[in-house]
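Nothing in this text is a laboratory measurement; each read-out follows from the coordinates by a stated rule. Keep in mind it's a predicted model, so treat the numbers as computed, not measured. Virtual Cβ from ideal backbone geometry, glycine too; neighbours counted across all protein chains shown.
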Amino acid sequence: MKMEAGKTYMMPLIMGPIYEQGTGIPYPEVEVVALQFKSDHDAIQQLLPDCYTVAKEPIVQIMFGYNNGLEFMAGGGYSLAAVQVAAQFSGEQDNYEGDYILVMFEDKTVPILGGREQLGVPKLYADITPVKLQKNGHLRCEVSIWGHFIFGIDLAPMKRQNAVVRRVATHRINARPWLAYKYIAALDGPPDADYPTITRNDTKVDELWLSDSSSIYFGNPEEDDVGKGKYLLDALKKLPFIRFEQAIRFHGSAVLRYDLSRRLR
């Protein structure tokens with residue numbers, strides 16, 4: 001089997017190339033529910049690789065995303081829940097501020113493998129609820145592993161925003177790339193991959209709602225319940241909720257810019 005230059009492959013290789021390099025991946029139907037809060041600078045820094053530093057504002061974002069109509073999933077979709085922190089990369093060639101992904105849970109195998117193998121995004125499997133509307137008008141989204149609750153967010157009733165606010169939100173979202181760290185262990189010797197990465201999304205916000213309050217709440221599973229997931233959850237709990245910043249919900253579309261995704265130097 002000959003590997004073709006300029007094309008990207010995933011295992012098993014008998015699938016052939018999955019796409020041409022230098023292209024983006026359309027996400028025609030996207031819904032996002034997220035909250036941001038101010039946390040502690042030192043607590044965030046302890047969770048970052050050494051090549052990253054905390055941004056000027058120590059902001060944590062909890063984001064739930066719902067994606068549908070994806071060509072690479074035969075028209076299907078998947079859900080995700082990510083914990084991100086505002087971070088800065090200053091290297092020999094690159095200088096970027098964006099959102100470093102501490103963990104991204106997803107409920108389908110294909111996007112997990114692609115994100116880990118190619119982009120270096122730290123993805124894990126979990127069950128993710130749809131957006132739930134409570135009797136009091138609040139919205140809730142939750143993550144669980146093997147039937148054990150991990151964390152969730154609760155957003156107070158939301159107000160629909162006009163076109164001007166949507167344009168501002170679109171600009172702010174697109175101005176912040178995803179930052180990650182690609183680490184793939186080798187069978188022996190040094191790791192096969194060990195470097196920071198940047199990933200961009202071109203997002204279009206069609207409908208937008210904002211909330212003036214929100215909260216995050218955690219479960220308390222043990223190692224016997226969720227394995228090493230307990231230590232991941234323990235690390236997330238060390239990020240103190242100092243002050244609520246904002247909460248949003250939007251419907252729209254996006255293009256995952258694989259053509260702009262690369263290692264940072």
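In square nanometres, what is the average projected area of the Cα convex hull of segment 1-133?
Taking a quarter of the hull surface, the average projection is 10.5 nm².
Classify segment 148-265: rounded, prolate or oblate, from the alpha-carbon gyration tensor (a ≥ b ≥ c, eigenvalue square roots; a/c under 1.5 rounded; otherwise prolate if a/b is larger than b/c)? Because a/c hits 1.5 or more and a/b fails to exceed b/c, segment 148-265 counts as oblate. Structural descriptor for the chain: relative contact order 23 percent, calculated from alpha carbon pairs under 8 angstrom and at least 6 residues apart. Highest average first, the peptides 201-207, 176-182, 85-91 ordered by how many other beta carbon atoms sit within 10 Å of their residues are 176-182, 85-91, 201-207.
Straight-line reach from Lys132: which aspartates and glutamates have a Cα under 12 Å away, not including same-chain ones fewer than 8 places off? Those aspartates and glutamates meeting the cut-off are Glu142, Asp154.
Our summary of shape: the Cα atoms of segment 114-216 have principal axis extents of 55, 37, 19 Å, ordered from largest down, in whole angstrom. Here each label is just a point 7 Å from Cα along the line to Cβ, and for Met3 and Gln93 those points are 2.0 nm apart. Within the shell defined by Cβ-Cβ distances under 9 Å, the residues around Pro196 carry a net charge of +2, with Lys and Arg each +1 and Asp and Glu each -1. Remark: segment 1-55 is approximated by an ellipsoid whose semi-axes, taken from the C-alpha gyration tensor as √(5λ), come to 38, 19, 10 Å, largest first. Excluding same-chain neighbours fewer than eight residues apart, the aspartates and glutamates reachable from Lys159 by a Cα-Cα span under 14 Å are Glu207, Asp212. Computed over neighbours whose Cβ is under 9 Å from that of Arg140, the net charge equals -1, Lys and Arg +1, Asp and Glu -1. Largest mean-square fluctuation among Val143, Val121, Val255, in a Gaussian network model of the chain whose springs join Cα atoms under 10 Å apart, belongs to Val255.
Stretched out straight at 0.36 nm per residue, the stretch from Cys51 to Asp206 would grow longer than its current Cα-Cα span by 52.2 nm. Within segment 186-203, whose backbone N sits under 17 Å from a point 7 Å along Cα→Cβ of Tyr19? Output list for this probe position: 198-203. Per-residue ellipticity at 222 nm computed for the chain from its helices equals -3500 deg cm²/dmol, with DSSP H segments shorter than 4 residues left out and the rest contributing -39,500 (n - 2.57). Based on the reciprocal of the average 1/r between different C-alpha atoms, the Kirkwood radius for segment 171-221 equals 15.4 Å. Taking the charge dipole of the chain about its Cα centre, with +1 at Lys and Arg Cβ atoms and -1 at Asp and Glu Cβ atoms, the residue from Leu139, Ala185, Pro240 reaching farthest to the positive side is Leu139. Please give me the summed charge of the neighbours of Leu155: other residues whose Cβ is under 12 Å from its Cβ, Lys and Arg +1, Asp and Glu -1. Surrounding charge for Leu155 is +2. The H on the amide N of Tyr9, modeled in the peptide plane, is under 5 Å from the matching H of Ile18, each at least 5 residues off or on a different chain. One quarter of the surface of the convex hull around the alpha-carbon atoms of the chain equals 15.8 nm², the direction-averaged projected area. Using R0 = 30 Å, the C-beta based FRET efficiency linking Arg172 and Lys228 works out to 0.30. Sort segment 192-242 into rounded, prolate or oblate with this rule: let a ≥ b ≥ c be the square roots of the eigenvalues of the Cα gyration tensor; rounded if a/c is under 1.5, and if a/c is not under 1.5, prolate when a/b is larger than b/c, oblate otherwise. Since a/c reaches 1.5 but b/c is at least a/b, the shape of segment 192-242 is classed as oblate.
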